[in-house]
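Quick notes on the structure that follows.
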Amino acid sequence: MDSNGFAGEGNRFDRFLDLLAKVCRIITGVSLVFLTVIFGWLVYGRYVLNSTPTWVEQVSLLLIVLITFLGAAVGIHENTHLGVSYFRELSPKPVRIICAVITNLALGGFGLVLLWTGFQLTMFKWSTEIPLIHLPEGLRAVPITICGGLMLLFCIGHLLRMARGIEDEMDLVE
């Protein structure tokens, strides 16, 4: 434990964030398999049964949104998000640290915006029905809201790790 008493709490928070990222990876993996299966059913229904299942398009749109936004949030946690790091890599360590802090603050702010606007969109569209599958239209915005919250949490996690001195130089370069 460090002098501030944050090591134990930080380790639990880090493990919690790792668990959240793992759950997101599992959900996106299962969703991708389900997406593949329903597209197989679409092809089979269209060309073998001569009866196209119309619900596949709407369900696949929901799954694609889920896969995309949960995957983006995991990318923030694992530092695999898209970024231009050429100049940061050439910079001395203090500049890299400042760049990493600014990046995490910007991504966390973007996550907060996604969380807030995604929630508003979910509530606004909840009373409307998605055609063919009779589910609330607001379901399309739920992954946006979840992604925003996860991005915010993951960025806070990175900032806390940096404050505790856990994130090493390679994490700052990524």
Residue order, fewest to most beta carbons within 10 Å, for VAL56, VAL113: VAL113, VAL56
For segment 64-103, alpha-carbon Rg relative to the globular expectation (2.2 N^0.38 Å, N residues): 1.46
For segment 7-173, the spread of Cα positions along each principal axis, largest first, Å: 64, 33, 33
Helix 93-125 vs. the chain, principal-axis angle (Cα, 0 to 90°, nearest 10): 30
Efficiency of FRET between LEU19 and ILE98 - r from beta-carbon atoms, R0 35 angstrom, step 0.05: 0.70
Tilt relative to the chain, helix 7-47 - C-alpha long axis, 0 to 90 degrees, to 10: 20
Phi-based couplings in Hz for segment 128-137 (Karplus 6.51, -1.76, 1.60; Gly and Pro marked x): 8, 9, 6, x, 6, 10, 6, 10, x, 4
Residue of CYS155, CYS99, CYS147 that the Gaussian network model of the chain assigns the largest fluctuation, springs spanning Cα pairs under 10 Å: CYS99
On Cα atoms only, tilt of 55-77 relative to the major axis of the chain in degrees: 10
In nm, spacing of pseudo-spin labels at ILE133 and PHE34 (7 Å Cα→C-beta vector): 0.8
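Bear in mind that the values in this text are calculations on the coordinates, not laboratory data. A quick note: this is a predicted structure, and the numbers were derived from the prediction, not measured. No Cβ is skipped: glycine too gets one built from the backbone with ideal geometry, and neighbour counts run over all protein chains shown.
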